[in-house]
Amino acid sequence: LAMAKRPRSASHQLSRWNLEKDRFLELLGKLIGEAESLQNSPAQGLHPKEDLASAHVMALLEPWSTAKGGPLIVERVTFTEGRGNLIVTYPGDGSSGSVAFVGAHMDVVPANPETWERDPFTLSLEGDRLYGRGTTDCLGHVALLTEVMLQLGMHKPKLQRTVSAVFIANEENGAVAGIGVDRLMETGKLDNIKGGPVLWVDSADSQPCIGTAGSLTWTLRATGKLFHSGLPHKGVNALELANAAIAELQTRFYKRFPQEEREVPYNFSTPSTMKPTQVRCAVGSLNQLPPWVEISGDVRLSPFYEVSTLRETLLRWVEEINDNLETALPTLGPASKYVIDGFRGSLALDFADGYLEGIACRLDSEGHRALVNATREVRGEATPYSIGGSLPLVRDLQRGGFDVQITGFGLLSTYHADNEYCLFSDMQKGFRILVGVISDLEDAGAD
């Protein structure tokens, strides 16, 4: 008996798709052309208008949108004028949940044309390299995800899962809240993507990133007593006090926040770290003991510790040292003291507004499996990694009940850098990885 041919599966159709180079580059060129108006640094008076970027995405997707009789649901969600988010949805048949690509943001860090060798606000093609502010972080991903959604709209595969892409505003600066993904969560605009994996597409080097660190910046101010350096016993050297206090705090930190056993499977590049990175002091003569010194730095904290606990612990330690200055810190030589007749040195610890929390992605989820499988299929190997760097918002999503996985196809070496670039070949493979994730999840649902 002749057997009827089995219809080709949606995953088989998806496996044949490739990134359309000319269309991708045309869109990316338009996005980079807007980058000067997408710079996000309120301290420098730079407030982005992400609608300039999303307008190009919407124009490209419009022929396949529901407004034109197509399958793509395209919705701009705005909480601040000119700074909308964009949600694009390709509906599945509802039988197997969802998969969403989030994190591709439409703002960029500032670029100074004087320090670049090329115009940062014009896309430059040099062999495989695509130069311009945002190529790696993150307008390249905006263009890439647009192409994924466009091809879904064009080819109309029959999927079990609903596929969504969420292009976000205000990722590069947390000074102003209530604009981007935080507000999308609060208003329930992301509730419909809780039915499956959420891939945060804003990292680098084309491998799954399974862990990031929390980040907290701090400033320790030491107050001493100015006096002539020839009579050091009559003053309190704020610089010596600050140095001794930092050394004591670091010693305590590494005892209290050592590498966690749970970190081992994540292969973090470093354990939690606390270090000074900048110094300020009162301006005076070299023959004067400085009356005040500020040492600033940061902590990168394992996601298995809570940043709130860290803050409370550091403040308690500084209070303990202040209460026991005579014995808590070592002095340098017989004339060095932090408490003298009529004066007592002091320490004050402050933190910058806001902080970032780390994340440990679930390693037992379907999202992790699909991302690893797709990466291995396209690149020949999958080597998940964790870093001491930090990403905003991802821990909030995970706490909100989302299965967050992280990937990205730019280059870590050019993140926020002058002459930022990505490789077109990485974006080509990135397209196949993202489509491969959809395909893997579809096959799993059909089993």
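A crude spin-label estimate for the pair Val279 and Ala55, with each label 7 Å from Cα along the Cβ direction, gives 5.1 nm.
Counting heavy atoms of the protein chains only and a 1.4 Å probe, report the per residue accessible area for the chain as a whole number of Å².
44
Taking label positions 7 Å along the Cα-Cβ direction at both Arg362 and Lys68, the computed distance is 3.7 nm, reported to one decimal. Descending by average beta-carbon neighbour count within 10 Å, the peptides 336-346, 408-418 line up as 408-418, 336-346, the highest first.
Order these peptides, 425-431, 205-211, 78-84, by their mean beta-carbon neighbour count within 10 angstrom, highest first.
205-211, 425-431, 78-84
Which net charge results for the neighbourhood of Arg395, defined as the other residues with beta-carbon distances under 15 angstrom from its beta-carbon, given Lys and Arg at +1 and Asp and Glu at -1?
Net local charge, Arg395 excluded: -4.
Beta bridges from DSSP with both residues in the chain: antiparallel share about 70 percent, rounded to the nearest 5. Electrostatic bookkeeping for Met274 treats Lys and Arg as +1 and Asp and Glu as -1; over the other residues with beta carbon under 13 Å from its beta carbon, the sum is +4.
The calculated FRET efficiency for Lys156 paired with Glu377, based on their beta-carbon distance and R0 = 30 Å, is about 0.80. Remark: the chain carries a charge dipole of roughly 560 debye about the Cα centre, counting +1 on each Lys and Arg Cβ and -1 on each Asp and Glu Cβ. Is the shape of the stretch 206-345 rounded, prolate or oblate, going by the alpha carbon gyration tensor and its root eigenvalues a ≥ b ≥ c, with a/c under 1.5 for rounded and a/b larger than b/c for prolate? Judged from the Cα gyration tensor, the stretch 206-345 comes out prolate (a/c at least 1.5, a/b above b/c). Which shape class, rounded, prolate or oblate, goes with the chain when its Cα gyration tensor gives a ≥ b ≥ c as root eigenvalues, a/c under 1.5 marks rounded, and past that a/b bigger than b/c marks prolate? The shape class here is prolate. A cut-off under 13 angstrom between Cβ atoms defines the neighbours of Glu357, and their net charge, with Lys, Arg +1 and Asp, Glu -1, is +1.
Measuring between their Cα centroids, the stretch 115-191 and the stretch 223-257 lie 47 Å from each other. Taking 16 Å as the straight-line reach from the Cα of Lys21, the lysines in range (excluding those fewer than 8 positions away in the same chain) are Lys30, Lys429.
The values are calculated or read from the model by the stated rules, or taken from the named source; none is laboratory data. The shown structure was predicted, so the numbers you read here are calculated from the model rather than taken from an experiment. Glycine gets a Cβ as well: all are built from the backbone with ideal geometry, and neighbour counts include every protein chain shown. Heavy atoms of the whole protein, side chains included, go into the accessibility calculation; ligands, DNA and RNA do not. Shrake-Rupley method; radii C 1.70, N 1.55, O 1.52, S 1.80 Å.
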